[in-house]
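Accompanying notes for the structure given below.
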Amino acid sequence: MITVRSASELEPAERAVAIGTFDGVHRGHRAAIEAAVTAGPRSLVVTFDPHPRRVLGYDVELITPLERRIELIGEIGPEDLLVLDFTPELSRLEPEEFVGEVLEPLGTQIVVAAEDFKFGKGRRGDVELLRRLGLDVQLVEPVEGVSSTRIRELLRTGDVVGAAGLLGRPAEVEGVVVTGDQRGGTLGFPTANISVEPGVLVPGHGIYAGSALGHRAAASIGVNPHYGGSERRIEAFLLDFDGDIYGESLRLELWERLRDERAFASEDELVRQIAADVGAAREAVRPL
């Protein structure tokens, strides 16, 4: 897949285009991109950065940062990806202007979209307008119940199994491994502390089973109430792993929420519970 930040970097071609923010690259997004890939002309995905809602003044937490979004889109198989800088000026383009200034110069012949697709200033553009402007619209049936909004809701409550069903893959937390309090090592369970990019959604507090670097993992998301913490930490103990990954990027899959975080009557009780969590992580099943 060729990834560009400007339309001028793309070679001239007739194209089938899928347009959207595609945050999460969930099952509904995949269906649209797959339809563009199989439509006939050269396939192109057009996505936006930053998220349009942020530019329009709304707060939104990303399910996937841009790098991961690009990687996931690439796995589906489009030939080209255009990451458009979403600016206030772009947001003010009338639908007809968006077609004339963005889609037509790309060589767009086919637009792959759901029936309720909206675009342009005030979301006034729709599939009927695209057709009136001479574009072939291939409709994609929406995947019932699947949306980025619903996935965010599930992740905030820690329902990573439910989120995986909509994403079509396990939920993830990704960031750079940084130095933490280093209590895990003294307890016999050294953890990797993950610093996540600002603005990216982190699932609700709790203890999770999952995997990272090909190893099963027991992970904690929260404030570590046993030690009176107040700052959110993301800590992962990788089973059967021995290595120095400080400063490296780590992608943690979350397979199952095991329990709430809590304080314990003693450190011995805490260690016994961590051992039980590790045992549960060994038995956890990766959601499909």
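Take the conditions within 24 Å of Glu174 (Cα to Cα) and crowded, with 22+ Cβ neighbours inside 10 Å and apply them to Arg69. Does it pass? Against the criterion (within 24 Å of Glu174 (Cα to Cα) and crowded, with 22+ Cβ neighbours inside 10 Å), Arg69 qualifies.
Only a single item in (1) surrounded by 16 or more Cβ atoms within 10 Å (Cβ to Cβ); (2) at pLDDT 95 or above; (3) within 15 Å of Arg5 (Cα to Cα) is not met by Val111, and it is number (3).
Let me spell it out: the conditions are (1) farther than 15 Å from Val111 by Cα; (2) without any contact (Cβ under 8 Å) to a residue 12 or more places away in the chain, and Arg27 meets all of them except one. Which number is the exception? Failed condition: (2).
The set of residues in segment 5-50 being in contact with a Ser or Thr (Cβ under 7 Å, 6 or more places away or on another chain) and either of a type in the set (Asp, Glu) or not assigned by TED's automatic domain parsing to the domain that holds Glu61 (or both) consists of Asp23 alone.
Would segment 116-136 turn up any residue that is in contact with a Pro (Cβ under 8 Å, 6 or more places away or on another chain), among the aliphatic types (A, V, I, L, M) and closer than 28 Å to Thr38 by Cβ? Yes, there is a match, as at least one residue in segment 116-136 is in contact with a Pro (Cβ under 8 Å, 6 or more places away or on another chain), among the aliphatic types (A, V, I, L, M) and closer than 28 Å to Thr38 by Cβ.
Taking segment 78-142 as the region of interest, the strands (runs of 3 or more DSSP E) fully inside it that hold 2 or more residues being without any contact (Cβ under 8 Å) to a residue 60 or more places away in the chain are 136-139. Residue count for segment 11-20, restricted to those that are in contact (Cβ under 8 Å) with a residue 40 or more places away in the chain and crowded, with 19+ Cβ neighbours inside 10 Å: 5. Of all residues in segment 131-171, which are surrounded by fewer than 19 Cβ atoms within 10 Å (Cβ to Cβ) and closer than 23 Å to Asn193 by Cβ? Correct list: Arg156 only.
The values are calculated or read from the model by the stated rules, or taken from the named source; none is laboratory data. Everything numeric in this text was worked out from a predicted model, so none of it was measured. A quick note on method: Cβ atoms are made from the backbone with ideal geometry, for glycine too, and the neighbour counts reach across all protein chains shown.
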